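Comments concern the structure below.
The values are calculated or read from the model by the stated rules, or taken from the named source; none is laboratory data. Worth saying up front: this structure is predicted, and the values here are computed from it rather than measured. Please note: Cβ atoms are built from the backbone with ideal geometry, for glycine as well, and neighbour counts cover all protein chains shown.
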Amino acid sequence: MSTTNSPRPMVRAERVHKNFGSVRVLKGIDLEVSPGEVCCVVGPSGSGKSTLLRCVNHLEKINAGRLYVDGELVGYRQRGDKLYEMREREVAAQRRDIGMVFQRFNLFPHMTAAENVMEAPVQVKGLRRAEARQRAEELLARVGLADRMGNYPSQLSGGQQQRVAIARALAMDPKLMLFDEPTSALDPELVGEVLDVMRALAEDGMTMIVVTHEMGFAREVGDSLVFMDDGLVVEAGDPREVLANPRQERTRAFLSKVL
Amino acid sequence: MSDSRDRLSKEPGDEPPSGGGLKDRVPPEAIRAVPVRHWGRWIGVAVVFALLAALFQAFRGADINWDVVGEFLTYDTIVEGAGKTLWITVLSMLLGVVLGVVLAIMRLSRNPVLAGVAWGYIWFFRGTPVLVQLFLWYNLSFVFETVNLGFYKDEMNDFMTPFLAALLGLGLNEAAYMAEIARAGIQSVDHGQTEAAHALGMNNGKTLRRIVLPQAMRVIVPPTGNEFINMLKTSSLVYAIQYTELFRAGNTISSRNLAVMEMLIVVTVWYLILTTVFSIGQYYLERYFARGNERSRPPTPFQRARARARLLGSRGEGAGSGSVGGV
């Protein structure tokens with residue numbers, strides 16, 4: 001899935017474990033995503049896909065293993081053999097470069113579409129409002145919502161809200177985008193418009209990890225496909241290859257249900 | 001994607017569903033039924049009117065000197081007292097809200113010491129009567145002769161004025177209630193909002209200030225408005241510790257002119273004026289914090305009046321068309 005001669009992977013997981021109390025959600029995940037790669041993660045619900053994604057930007061703390069983004073350890077600093085937990089400010093700084101899109105959009109309901117997109121550049125990067133506004137205009141135009149600048153999220157359809165959420169994440173100029181089932185909460189007729197925006201983003205060379213149930217998207221846009229089950233990577237490889245000829249029995253069983 | 005677009009473009013949408021020979025169809029005759037008669041309501045109205053008439057009759061015969069009421073309604077000391085009531089209410093609420101939000105954040109903290117201290121504060125100040133707390137503050141000089149804040153030193157007697165005792169008594173007590181209101185508000189905000197803010201690289205402080213609190217306000221403002229109106233009335237208790245607000249001003253005058261009931265009516269009218277003005281202010285404040293949530297955002301009375309005027313106007317023009325939905 002990763003080209004071995006690439007200089008440095010954008011994301012690198014080494015035997016990542018995550019427990020919620022006594023429940024073991026991730027049981028040793030190895031993963032590598034190269035710059036510019038679109039990695040689609042599929043699998044049954046409860047397999048740990050979303051948890052893995054949330055670990056990548058430290059919304060969840062991992063219990064064992066190592067997780068690197070762009071060569072940097074996520075959430076920790078290593079000095080000698082010792083790991084030091086990062087301060088809140090350092091974690092926030094790390095997250096600035098990682099965009100995330102949620103299943104339930106999580107737009108800020110008390111702000112207009114434009115304000116949603118402007119919020120982080122102004123508050124975190126210290127951009128001036130006029131500049132941030134211009135950038136928000138560009139980004140909203142890019143996701144096809146130039147005429148929705150002044151609308152509150154409650155006045156937008158689900159698909160429009162998700163596109164605003166993508167623009168909001170892009171406003172921080174991330175080097176990596178995480179998509180956590182971005183189309184699962186949408187009416188079927190609205191899925192296409194969000195996938196179109198994501199496809200355009202992939203064509204622009206954005207590194208993306210996409211947790212999804214859209215096998216068509218994985219096949220057409222994905223550079224790699226990871227099938228997870230029960231906290232482990234069961235099978236990974238070229239999406240067209242994996243979807244057409246799954247090698248593992250579990251992959252085959254899952255695909256026969258969703259395809 | 002492309003075929004779905006085709007499908008969309010083929011549907012003009014403004015044609016009615018096909019039925020064949022539609023143009024000849026006439027809508028059926030409008031229903032004209034005799035409405036249900038609510039005899040019980042009419043009886044109720046009659047009873048209420050009878051009671052109101054009796055009350056009016058009783059007060060007409062009562063020995064109330066309405067001229068005195070009218071005269072003292074705008075009397076200097078009364079107006080001044082109303083101003084002081086307003087002043088102590090605003091300041092106490094300010095103290096209560098700020099301290100209350102701090103306490104709420106402490107109670108939600110993962111640090112057990114902070115959470116415990118906040119819990120203890122709320123336990124004490126909610127568990128004792130305000131009147132007792134007011135007297136505790138006012139009589140502090142019995143146990144502490146001097147006050148020493150490091151940068152400020154004074155005799156406790158000179159320091160703990162009726163005003164300060166009233167402010168501390170009302171404000172600190174209010175903070176305990178506001179803490180619970182603020183906590184409910186903060187907890188009402190979906191956790192996904194915090195996650196989204198964190199994912200954008202915002203720290204905890206900014207997330208709280210920019211994302212969580214503004215949304216919590218929608219839940220916090222309505223009960224805070226009630227607290228404010230409550231405080232306007234509860235502030236009358238400070239008359240017991242010599243602070244000359246509205247109620248005490250009325251009492252002082254009535255002890256001289258012996259028009260007890262008249263002065264009480266004057267005071268009552270003033271309290272009603274204050275609470276009414278604040279109810280209106282509360283309405284607009286709630287509207288402001290409901291932005292982005294149109295369904296829970298009622299129109300202002302002016303907007304409603306304008307809409308009604310427009311409705312009447314359009315009805316006058318297009319009489320018989322009966323299209324109300326277009327307004």
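Exactly one residue out of B:G250, B:G225 is under 30 Å from A:N116 (Cα atoms), among the small types (G, A, S) and in contact (Cβ under 8 Å) with a residue 60 or more places away in the chain: that is B:G225. The residues of the range A:162-177 that are out of contact with any Lys or Arg (no Cβ under 9 Å at 6 or more places or on another chain), part of a helix (DSSP H, G or I) and within 12 Å of chain B (Cβ to nearest Cβ), listed by number, are A:A165, A:R168, A:A169.
If the condition is being part of a strand (DSSP E or B), farther than 18 Å from A:G28 by Cα and in contact (Cβ under 8 Å) with a residue 40 or more places away in the chain, then the range A:63-113 contributes A:I98, A:G99, A:M100, A:V101.
Would a scan of the range B:239-254 turn up a residue that is within 14 Å of another protein chain (Cβ to nearest Cβ) and buried (at least 22 other Cβ atoms within 10 Å of the Cβ)? There is no residue in the range B:239-254 that is within 14 Å of another protein chain (Cβ to nearest Cβ) and buried (at least 22 other Cβ atoms within 10 Å of the Cβ).
Could you tell me whether A:P109 is in contact with a Leu (Cβ under 6 Å, 6 or more places away or on another chain), facing chain B (nearest Cβ under 9 Å) and surrounded by fewer than 24 Cβ atoms within 10 Å (Cβ to Cβ)? No, not satisfied. Screening the range B:155-203 for helices (runs of 4 or more DSSP H) wholly inside it with 2 or more residues that are away from every other protein chain (no Cβ under 13 Å) returns the ranges B:156-159, B:162-188. Taking the criterion of being within 12 Å of chain B (Cβ to nearest Cβ), farther than 16 Å from B:E195 by Cα and either surrounded by fewer than 22 Cβ atoms within 10 Å (Cβ to Cβ) or out of contact with any Ser or Thr (no Cβ under 9 Å at 6 or more places or on another chain) (or both), would at least one residue in the range A:126-145 satisfy it? Yes. The sole residue among B:K206, B:K233 that is in a helix (DSSP H, G or I) and in contact with a Phe, Trp or Tyr (Cβ under 8 Å, 6 or more places away or on another chain) is B:K233.
Take the conditions in a loop (DSSP other than H, G, I, E, B), out of contact with any strand residue (DSSP E or B) (no Cβ under 8 Å at 6 or more places or on another chain), among the charged types (D, E, K, R) and within 12 Å of chain B (Cβ to nearest Cβ) and apply them to A:D196. Does it pass? Answer is no for this residue.
The criterion of being of a type in the set (D, E, K, R), within 14 Å of the chain's Cα centre (by Cα) and surrounded by 14 or more Cβ atoms within 10 Å (Cβ to Cβ) does not hold for A:K18. Just one of (1) in a helix (DSSP H, G or I); (2) within 14 Å of chain B (Cβ to nearest Cβ) fails for A:E60. It is (1).
Within the range A:178-193, the set of residues being in contact with a strand residue (DSSP E or B) (Cβ under 7 Å, 6 or more places away or on another chain) and within 11 Å of chain B (Cβ to nearest Cβ) comprises A:L178, A:D180. Would you call A:M208 away from chain B (no Cβ under 14 Å) and modelled with pLDDT of 95 or more? Yes, satisfied.
A:R135 fulfils the conditions (1) within 20 Å of A:P174 (Cα to Cα); (2) among the basic types (K, R); (3) in contact (Cβ under 8 Å) with a residue 40 or more places away in the chain except for a single criterion, (3).
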